[in-house]
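The values are calculated or read from the model by the stated rules, or taken from the named source; none is laboratory data. Predicted model, so just to flag it, every value in this text is computed and none were measured. Note: ideal-geometry Cβ built from the backbone for every residue, glycine included; neighbour counts use all protein chains shown. For accessibility, only protein heavy atoms count, side chains too; no ligands or nucleic acids. Shrake-Rupley method; radii C 1.70, N 1.55, O 1.52, S 1.80 Å.
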Amino acid sequence: MISPELNIIFSLITAFLITYLVIPKIIFFAEKLRLFDSAGDRASHKGNTPIFGGIAIFAGIIFSLLFWADIENIQFILVSILIVFFVGVIDDLLELSPFKKLVGQVMATLIIIFLGDLQIDSMHGVLGVYDLPIWIGTLFTIFVVIVITNGFNLIDGIDGLAGGVGVISSFSFGVIALLMDQSDMAILAFTLMGALLGFLRHNLFPAKIFMGDTGSLVVGMILSILAINSIRYGLVTETIKLPNKGPLLAIVILAIPLFDSLRVFVARIMKGRHPLSAGRGHIHHALLSLGFGHKKTSFILYFFAISIIVFSYFLLEINVNISIGILALICFIILYIPFYLLKDHSK
């Protein structure tokens, strides 16, 4: 019998190889069928780029999990991934309305909650809130999935950024799951990591393919599931007893999509605009405007994501509300610096 550790290694390698090898075929068919993302006024790329990298990511994840995971334990997670995958494919082909995409995300989340028995049932003292009634926990879990999934979608704006941030996040959730002997969550996290590594080989600047909404919805849903698991159980091992630090860990690991999206939404509301309106107000847009280019911008934000995760070690022993407050303050200051520099340059 193969050990859980070997299962995880094989799942990562399998997901990587499938995704890496499938993408050239998808690029070939996308070019034949003229399924491109054409550069527009707000685009950060030039020319026509195939948009169905998410199909390869999905294939790598699903086939790897079918080979190496205990399907009975994650069957409802697979169903939820399948739902958002089809929503993403239809959106990439026909451009679904935001409401219809939202309905798909809610359906997938309800399956996770009521059939997969995974939801947020406690805030662990955040804002003084502990145990949540079932109906509030259900609504809050849906809210968390929508925020994380769409936050991840919003950072998918330049070559390599979403994929690289996804690798860092999935690796971090995977390590936590390993420490807590949660083999199902660990294999899910490292399978996602393997698929994203295979995708990144073709997505780093200059990108040969984009993940599209198909990819961002699938990746966002999996990261949401891993975040909910982290919020629910915290970090508890034989030597580490931090059951109430789950919310902090989830926010830390997803700091860039969460805080950048929140900053953009607040800025748009203050200007009297709809928070989901189109624009170039994200951190990667500011770094591009400062002349860093796609590759440097992506690596700067990778470094920021890793630095925040490392820094969070010093926040683990602090009250959860204070630690989240410190984290938010630091992230907002750092995220504001490029915009301050842009204003200074324009004077």
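Scanning segment 57-95 for residues that are part of a helix (DSSP H, G or I), more than 22 Å from V144 (Cα to Cα) and open to solvent by 80 Å² or more (accessible area, probe 1.4 Å) returns F63, L66, F67, E72, N73, L93, L94.
Among the criteria (1) over 18 Å from F152 (Cα atoms); (2) open to solvent by 60 Å² or more (accessible area, probe 1.4 Å), the one P98 does not fulfil is (1).
Pairs are defined by a Cβ separation below 7 Å, a sequence spacing of at least 6 or placement on different chains, a first member in segment 271-299 that is closer than 24 Å to S97 by Cβ, and a second member that is loosely packed, with under 14 Cβ neighbours inside 10 Å and modelled with pLDDT under 90; the pairs so defined are P275/I269; L276/P98; A278/R42; R280/R42. Only one entry in K208, K296, K241, K271 is of a type in the set (K, R) and within 20 Å of S172 (Cβ to Cβ), namely K241.
The conditions of being in contact (Cβ under 8 Å) with a residue 24 or more places away in the chain and of a type in the set (D, E, K, R) are met by D121. For segment 7-33: of the residues being among the aromatic types (F, W, Y) and under 21 Å from D184 (Cα atoms), which is surrounded by the most Cβ atoms within 10 Å (Cβ to Cβ)? Top of the filtered list is F16. Which of the residues that make up segment 101-118 are open to solvent by less than 30 Å² (accessible area, probe 1.4 Å) and not aliphatic (A, V, I, L, M)? Matches in segment 101-118: G104, Q105, T109.
Taking the criterion of being among the aliphatic types (A, V, I, L, M), modelled with pLDDT under 90 and not in a loop (DSSP other than H, G, I, E, B), would at least one residue in segment 268-285 satisfy it? Among the residues of segment 268-285, at least one is among the aliphatic types (A, V, I, L, M), modelled with pLDDT under 90 and not in a loop (DSSP other than H, G, I, E, B), which makes the answer yes. State whether the residues of segment 153-163 include one that is of a type in the set (D, E, K, R) and in contact with a helix residue (DSSP H, G or I) (Cβ under 8 Å, 6 or more places away or on another chain). Scanning segment 153-163 turns up at least one residue that is of a type in the set (D, E, K, R) and in contact with a helix residue (DSSP H, G or I) (Cβ under 8 Å, 6 or more places away or on another chain). Is it the case that G198 is modelled with pLDDT of 95 or more and touching a helix residue (DSSP H, G or I) at 6+ places or on another chain (Cβ under 6 Å)? So G198 fits the description; yes. Determine the pairs where a residue that is touching a residue at least 12 places away in the same chain (Cβ under 8 Å) and over 15 Å from I8 (Cα atoms), located within segment 155-184, has a partner that is in a loop (DSSP other than H, G, I, E, B) and of a type in the set (V, I, T) with Cβ atoms under 7 Å apart, the partner being 6 or more residues away or on another chain. Final answer for the pair search is L161/I155; A162/I155; V165/I155. Reported count of residues in segment 240-260, each being among the polar types (S, T, N, Q) and open to solvent by less than 10 Å² (accessible area, probe 1.4 Å), is 0.
Among the conditions (1) more than 19 Å from A177 (Cβ to Cβ); (2) open to solvent by 20 Å² or more (accessible area, probe 1.4 Å); (3) part of a helix (DSSP H, G or I), the only one that G291 does not satisfy is (3).
Filtered by the rule that a residue be in a helix (DSSP H, G or I) and open to solvent by 40 Å² or more (accessible area, probe 1.4 Å), segment 310-324 gives V310, F311, Y313, F314, N321, I322. Residues satisfying the criterion are present in segment 218-239 (criterion: free of Cβ contacts under 8 Å to residues at least 12 places away in the same chain, open to solvent by 50 Å² or more (accessible area, probe 1.4 Å) and among the β-branched types (V, I, T)). Taking the criterion of being within 12 Å of L217 (Cβ to Cβ) and either touching a residue at least 60 places away in the same chain (Cβ under 8 Å) or of a type in the set (D, E, K, R) (or both), the residues of segment 78-99 that qualify are S80, I81, V84, F85, V87, G88, V89, D91, D92.
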